[in-house]
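Presented below is the structure to which this report refers.
What follows draws every value from the coordinates through simple rules; no lab data is involved. Just so you know, these numbers come straight off a predicted model, no measurement behind them. Cβ atoms come from the backbone with ideal geometry, glycine included; neighbour counts cover every protein chain shown.
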Amino acid sequence: MTCDEILESGDDAAIAAHVAECEACRAIRLLRSAPWQEPPADAWEVHLRRRVPRRRTWWVAGVAAAAALLIAVLAGGWAMTAKRYQPMMIVIYDVSEGSPFSDVGSSE
Amino acid sequence: MPTTVDAPPVDADLELVRRAAAGDQEAFRALFDRHSALVFNVAYRMLGNRTEAEDLLQDVWMVVHREIGRFRGESRFSTWLTSITSNRCINRSIQVRRQTAHLEKHASQTRPPSEPGESDERVQRVLASLPEEARLLATMRYVTGASYEEIAETLGCPLGTVKSKMYRVHEALRKALT
């Protein structure tokens, strides 16, 4: 029988007899009695929490895109109605002078 | 018997792993809470120093975070975790052994004063007298209470190989106390 098998046999007399003679078993019993160490309580908060990124939530990206689109629409609408920018956005020509495109295609 | 924590339920681990792999930080935190003691104890017994063990604890969990998408659930999460821990412990232990006497002295000076009692000192002395692989096997078998099958799975070697290696560990332990 190996040391492990004897130690796990539950036979106290056999264990005592074996351990009295076996240096390895004394070491094994010492290791098995080793106190369980508690990891540092702040390991997560101090060292890991900031290094582990949160999940990329698609709804955040969706809300951001919708907000950007809304802002673009509002800005565009405002620009269309603002007198200052109207000349830049709408070509207004005087009908009495004829269409500015009437000469298109003419050789003269 | 060692005062080990009870092993967390495997199914719950798998669910947490699935969520953590999808980016759920709370699930990852839950895995950390369940298994950090195992990682810390293996690291502490392998390296013999709380400061080193704390550093290794962080390193291991950063690796877990990076690689968790590759965990397929073919083994227990704790086995996969111990495998990462043991690899890093052996590498770190070899580095520490190669360091100069000055650095070793500095490491012992920075050890928190509340650390080991007499029996803990004896445990560390016995473990420190073993070569890296034997120390890892002794830690896994006797400190964390892993079975031969679990050790074989963790190290990725046949059960027979683990048994023959454990025989050599016993021989090394026999000499450690004499």
Which of B:Leu177, B:Val39, B:Ala53, positive extreme of dipole for region B:14-177 (C-beta unit charges): B:Leu177
Difference of contour (0.36 nm per residue) and Cα-Cα distance, B:Asp55 to B:Ser119: 20.6 nm
A:Ala20-B:Ala12 FRET efficiency (beta carbon distance; Förster radius 41 Å; 0.05 resolution): 0.40
For region B:14-177, fraction of C-alpha pairs farther apart than 20 Å, in %: 54 percent
Estimated distance in nm for a label pair at B:Glu74 and B:Arg168, the labels positioned 7 Å out from Cα along Cα-to-Cβ: 2.6 nm
For B:59-71, mean number of other protein chain Cβ atoms within 10 Å: 1
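In a shell of Cβ-Cβ distance under 11 Å around B:Met46, excluding B:Met46 itself, what net charge do Lys and Arg (+1) and Asp and Glu (-1) give?
After counting each charged neighbour, the total is +1.
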Within-14-Å neighbourhood charge of A:Asp11 [Cβ basis; K, R +1; D, E -1]: -4
Extreme residue, positive dipole direction of region B:14-177, given options B:Asn91, B:Ala21, B:Val162 (C-beta unit charges): B:Val162
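Sequence gap at least 6, Cα distance under 8 Å: using those rules, report the relative contact order of region B:14-177 to the nearest whole percent.
24 percent
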Region B:13-34 residues near the modelled B:Met62 label - backbone nitrogen below 19 Å, point 7 Å along Cα→Cβ: B:25, B:28-29, B:32-33
Extension gain from B:Lys175 to B:Asn91, taking 0.36 nm per residue of separation minus the Cα-Cα distance: 27.8 nm
Where labels lie 7 Å past Cα in the beta-carbon direction, separation of A:Ser9 and A:Ala68 in nm: 7.4 nm
Per-residue average of Cβ from other chains inside 10 Å of A:19-25: 4
Pairwise FRET efficiency - A:Trp78 versus B:Asp33, Cβ, R0 = 41 Å, nearest 0.05: 0.20
Pairwise centroid distance, computed over Cα atoms, of region A:1-68 with region B:123-158, Å: 13 Å
